[in-house]
Amino acid sequence: MAMTNPFGHIRFGLSAVTLGQLPPDTGAEVAFVGRSNAGKSSAINAITGRRALARTSKTPGRTTAINVYFIDDEHRLVDLPGFGYARVSQTMQRQWQHLLARYLQARVSLRGLVLVVDIRRGLTAHDTELLGWCHESQVSAHVLLNKCDKLKRSDSSAAGKQVEQTLGKLAPSASVQLFSALRYEGVAEARRRLARWLAISAATQKKAPANKGREPGA
Ligand code: GDP
């Protein structure tokens with residue numbers, strides 16, 4: 001199932017600290033979110049195939065900007081600030097949550113949210129709250145259980161099943177997959193998901209996306 005990288009020409013666009021600074025709300029975008037250190041930057045780099053697109057290992061608490069990457073004129077990836085990090089003030093955390101909630105509710109071009117989770121931690125209270133908002137706002141969500149290279153395969157699939165059960169109750173339309181940014185595991189599946197959401201698959205994929213195979217973690 002060879003697939004060209006639909007993100008081959010992605011480039012950094014802009015950083016925004018308010019929703020008003022985002023690019024015009026047209027076309028289609030997919031947003032990434034996750035607790036600091038879950039591996040969100042590494043996941044973006046792995047999926048786009050660009051080693052240094054999103055910076056890794058940034059100083060916690062200083063990554064409060066929304067970084068926007070342009071795939072082309074009509075399609076974007078949006079890197080939302082890390083959330084739920086214990087070392088920032090409660091006020092700041094509340095501000096982030098407020099920003100996220102407004103973004104999810106208001107952004108018309110948002111096609112889906114990728115939630116990056118450290119598989120060893122599983123879903124945190126923040127994660128489940130966020131998935132609940134997605135469900136309420138009818139935003140599709142996809143969970144990457146990252147760092148699966150850190151667990152035995154049987155433990156990874158058990159973690160996947162557990163998250164699936166939680167999603168079933170919380171956000172039935174959401175999906176989950178095992179992922180390792182380090183080993184590039186799950187990259188093809190994540191790319192297919194994003195390409196589908198962004199409707200960029202037909203133009204950029206060699207094979208039709210209908211023949212997508214199984215969903216790991218299922
Ligand atoms: P972010 O804060 O969520 O953007 O996380 P980073 O991408 O900066 O990653 C945080 C740390 O986790 C870094 O030390 C990464 O090298 C490491 N990391 C990220 N993804 C993986 C993975 O799939 N496996 C392992 N073992 N480590 C990872």
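The numbers here are math on the coordinates, done by the rules we state, and not lab data. Treat the numbers as computed from the prediction; the structure is a model and nothing was measured. Here Cβ is always computed from backbone atoms with ideal geometry, including for glycine, and neighbour counts include all displayed protein chains.
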Practice item. Starting at the first residue of region 91-103, write each ³J(HN,Hα) from the Karplus equation 6.51 cos²θ - 1.76 cosθ + 1.60 with θ = phi - 60°, in whole Hz, x for Gly and Pro. Key: 4, 5, 4, 5, 4, 4, 4, 5, 4, 4, 4, 5, 4
Exercise for review: Go through region 66-72 residue by residue and turn each phi into a ³J(HN,Hα) via Karplus (6.51, -1.76, 1.60, θ = phi - 60°); whole Hz please, and just put x for glycine and proline.
Suggested key: 8, 9, 10, 10, 9, 7, 7
Check your understanding: Long-range amide H contacts for Val176: which residues qualify at under 5 Å (H placed 1.01 Å from N, peptide plane, sequence gap of 5 or more or a different chain)?
Key -> Val143
Exercise for review: In nm, give the distance between the simple-model label positions of Lys150 and Ser15, each being 7 Å from the Cα along the Cα-to-Cβ direction.
Suggested key: 2.6 nm
**Study point:** Cβ crowding within 10 Å averaged over residues, with 183-189, 149-155, 38-44 ranked highest first
**Key:** 38-44, 183-189, 149-155
Practice item. Would you please give the FRET efficiency between Tyr184 and Thr26, computed as 1/(1 + (r/R0)^6) with r the Cβ-Cβ distance and R0 = 41 Å, to the nearest 0.05? Key: 0.80
Revision key, fill the gap. Calc'd 3J(HN,Hα), region 22-38, phi into Karplus 6.51 cos²θ - 1.76 cosθ + 1.60 (θ = phi - 60°), Hz, glycine/Pro = x, comes to 5, x, x, 7, 10, x, 9, 9, 10, 10, 10, 9, x, 4, 3, 6, 5
**Study point:** Protection proxy ranking, peptides 159-172, 105-118, 16-29, 124-137, average beta carbon neighbours within 10 Å, highest first
**Key:** 105-118, 124-137, 159-172, 16-29
Revision key, fill the gap. Stokes-Einstein D for region 1-49 (25 °C, 0.890 mPa s, Kirkwood Rh from Cα pairs), in µm²/s, comes to 185 µm²/s
